[in-house]
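Peer 1: Starting off with a structure, shown below.
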Amino acid sequence: MKSIWSKTVDIAKRSTLPGDLKTEVAVIGAGLAGILTAYLLQRRNVKTIVLEANEIGSGQTKNTTAKITSQHYIIYSKLVKDFGFEKAQQYATANQQAIDDYRRIIREENISCRFEECPAYLYANDRQNTKVLEEEARAAQKLGINAEFTLETGLPFPVEGAVRFNNQAQFHPLAFLEAVSEKLDVYEHTRVNNVEENKIFTDYGTVVAKQIVFASHFPFINMPGFYFARMHQERSYVIALENGAKLEGMYIGIDKDRLSFRNFDELLLFGGGGHRTGENSVGGKYDFLSSRAKELYPESREVGRWSAQDCMTLDGVPYIGQFSSSNPNWYVATGFGKWGMTSSMVAANLIADAIVGKENPCREVFSPSRFTPSASLKTFVTDMGQSVKGLSKQIFKIPEKTLASLPTGHGGIVEHDGQKVGVYRDEDGSIYAVSVRCPHLGCQLEWNPDEKSWDCPCHGSRFDYRGKLLNNPAQTDLEVR
Ligand code: FES
C-alpha cells in the first residue's frame, strides 16, 4: 500500500557501497534525519557518506503525514512540569527553529515541495479535555510560541476546545528529500551488519569513519545504549480522500481516537487508529477510518491508504546526541514519536553542531543519557540472544491437515511439535509458514491482519507474511519453513 508521497515522487536510485572506504562521518539511514544530518555536515565541508539498507526515504519518511509543526500533542505543559521551564524552553526553541530552517533551506535551494504555511490545531470533543488544552495553550505562549486557545476550527463537527499554533507548515516529504539528497554520497541496498568502534561492516565492504551517526529509525545495536529497553513502537493509519474538504490548517485530536486531518493538493489525508505495534490481532483499523470518513464527509471517496510506524520514548522526548558514554564518537537520533519532520531537523542541527564542536543551547533536553538503564539488563539481553540463536537452526514442516481450517487471506499461529509457527494462506491458497520468535530478542510475534504482517509487541520489529524484515530493530528475516 503505497503512500501518496511514494506515488508522486520517485527518487533516483543509488549504487551499493563500492568497497572499503574511509570518511570523516558515516550516517546510517537515509531517511529525513540521516539525510538532513549529512546535508548540514556537507555544507560545513565535513566529508560524509550515508549508508542505507533499502533506498532513500524508503522507511518512515515515505509514510508520514508530513506536518512541520512544533505542536506535538500535549507536550509543553508536561515538559514544564516534568523537566522544568528551562528545558521546556529548549524543546520549544529547537522545534520552532526547525520550522524556520525548513523555510530557509527550501527558499535557498529553490526546492519545489509544495511547502505551505498554515496553522496547526490540537482539538478535543470531550469536555474533560478542555482544561488540558487551555493549559497547553498557556504553557506554549509562555515559551514564546505563537499559540492561542480557540473554539473556532474548520472541522466538520463542533469542538469543546482547540489550541492553534500559528506559522506552522506542511509539505511533500519525498520531494524535499529528493532535493536535499541530490548532491550527497548515499549508498543504497547496503545494510549495516555491525559496528565496532569506528568500523562499519556491510556485505559490500567496511567503512572506517571518525564519527558515526545512527539514524536508522530504531537503533539496531542493543548494547551499549539499551535503546530497546527505553522505547516501544506504535503504528497509525492514513486514508487519502477525494471530495473530502479543504481545510485551512492541520489537525489532530487528543481524544481517544486521535483523528488527524491535513490536505495535500485536492486530497484530504485522514488518519488515526493508532496502537502499539504487535497489538492489532483483531484488525479493522482501515475499516474504522473508512467508516468515520463516510460519516464526516459522505461525498468522499477513498483513493489511497497506508500506515506509519513511530518510536516512542519513555518521557515523550526524542533521544538525540551521544549514543552512549562508552562511545564518544557515535551519535543517535531516534524516538521522534509521531513528529518526525521537526524532530529530524532538530536532530540534524544538534548532531551536526556536536560533530563540528559547536555548542547548541538546546542540546540538554534531548540528551539520550538522561536515562541510564541498570546493568542488570545485560543478563536479560544475553539470555534472550542465546535462545534466538538456537531457534534459527530449526526448519518447520507443517502437515496440511494442521492448516485445513485456515481461510485464504488469513494468518494465525498454529502449534506443531510443541512449537508455535506463524502461517498465512494467500488468496491463491499458497501457505507461508515462519517462525514467530522475533530474531531481535526472542519475543513472540503477533499477526496484524490489516497489514498482513508479523509484528513484535516488545520493540516493534515487523516482517511480511513471507518473513521478510520490514521494520527494525531486528536485522534479519524470519526463519521460514
Ligand atoms: Fe525486540 Fe522483537 S523487536 S524482541
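Peer 1: Take every Cα pair under 8 Å in the chain that's 6+ residues apart, average their separations, divide by the length, and report that relative contact order as a whole percent.
Peer 2: Numbers: 1081 pairs, mean separation 82.2, N = 481.
Worked out over the chain, it gives 17 percent.
Peer 1: Okay, moving on. Calculated from DSSP H runs of 4 or more alone, at -39500 (n - 2.57) each and per residue, what is the 222 nm mean residue ellipticity of the chain, nearest 500? All intermediate terms of the calculation are to be shown ahead of the outcome.
Peer 2: Numbers: 10 runs with 119 residues, N = 481.
About -7500 deg cm²/dmol.
Peer 1: Cut-off under 16 Å on the C-alpha distance; same-chain residues fewer than 8 positions from Lys285 excluded. Which lysines are left, in chain and number order?
Peer 2: Straight-distance partners of Lys285: Lys256, Lys294, Lys452.
Peer 1: What whole-number volume per residue, in cubic angstrom, does the convex hull of the C-alpha atoms of the stretch 282-364 give? Write out the running numbers ahead of the final one.
Peer 2: Details: hull volume 13.8 nm³, N = 83.
Spelled out: Cα convex hull of the stretch 282-364, divided by residues, is 166 Å³.
Peer 1: If you don't mind, there's one more thing I want to ask. Which whole-Hz couplings ³J(HN,Hα) result when phi for each residue of the stretch 53-67 is put into the Karplus expression 6.51 cos²θ - 1.76 cosθ + 1.60, θ = phi - 60°, listed in order with x for Gly and Pro?
Peer 2: Working through the residues one at a time gives 5, 10, 9, 4, x, 7, x, 6, 4, 7, 10, 6, 8, 6, 8 Hz.
Peer 1: So who's got an amide H within less than 5 Å of the one on Phe115, skipping anything under 5 residues away but keeping other chains? H placed 1.01 Å off N, in plane.
Peer 2: His172
Peer 1: While we're looking at this one, here's another question. Would you pull out the residues with amide H under 5 Å of Leu470's amide H, same chain only if 5 or more places away, H placed 1.01 Å from N?
Peer 2: Those qualifying (amide H under 5 Å, at least 5 residues apart or on another chain) are Arg462, Phe463, Asp464.
Peer 1: List, largest first, the extents of the alpha carbons of the stretch 177-225 along their principal axes, each in whole Å.
Peer 2: 35, 23, 21
Peer 1: Can you tell me which lysines have their Cα less than 16 Å from the Cα of Lys22? Leave out same-chain residues fewer than eight positions away.
Peer 2: Lys47, Lys199, Lys210
Peer 1: Moving on. Can you sort Lys468, Lys13 so the residue with the fewest Cβ neighbours within 10 Å comes first?
Peer 2: Details: Lys468 13, Lys13 9.
The order, fewest Cβ neighbours first, is Lys13, Lys468.
Peer 1: Can you count the Lys pairs in the stretch 55-177 with C-alpha separation below 18 Å, eight or more apart or on different chains? If you can, show how the numbers build up before the last one.
Peer 2: Working: Lys78/Lys87; Lys78/Lys131; Lys78/Lys142; Lys81/Lys131; Lys81/Lys142; Lys87/Lys142; Lys131/Lys142.
So the count of such lysine pairs works out to 7.
Peer 1: Determine ³J(HN,Hα), in whole Hz, for all residues of the stretch 239-247 in sequence, where each value follows from phi through the Karplus function 6.51 cos²θ - 1.76 cosθ + 1.60 and θ = phi - 60°; x replaces Gly and Pro.
Peer 2: 10, 9, 10, 8, 6, x, 7, 9, 9
Peer 1: Do any cysteines of the chain lack a neighbour Cys whose Cβ is under 4.7 Å away, and which are they?
Peer 2: By the Cβ distance rule, which asks for a partner under 4.7 Å, the isolated cysteines are Cys113, Cys118, Cys311, Cys362.
Peer 1: Once amide H atoms are built 1.01 Å from N in the peptide plane, which residues 5 or more positions from Thr313, or in another chain, come under 5 Å H to H?
Peer 2: Residues meeting the criterion, in which the H sits 1.01 Å from N, are Gly337.
Peer 1: Additional query: Taking a temperature of 25 °C and a viscosity of 0.890 mPa s, what whole-number D in µm²/s does Stokes-Einstein yield for the chain with Rh from Kirkwood over alpha carbon pairs? If you can, show how the numbers build up before the last one.
Peer 2: Values: Rh = 23.3 Å.
Rounded to a whole number, D works out at 105 µm²/s.
Peer 1: How many angstrom lie between the Cα centre of the stretch 178-249 and the Cα centre of the stretch 26-63?
Peer 2: The stretch 178-249 and the stretch 26-63 have Cα centres separated by 8 Å.
Computed from the coordinates by the stated procedures, all read-outs in this text should not be read as laboratory data. Source: prediction; values computed, not measured. Don't worry about glycine lacking a Cβ; one is built from the backbone with ideal geometry, like all the others, and counts go over all protein chains shown.
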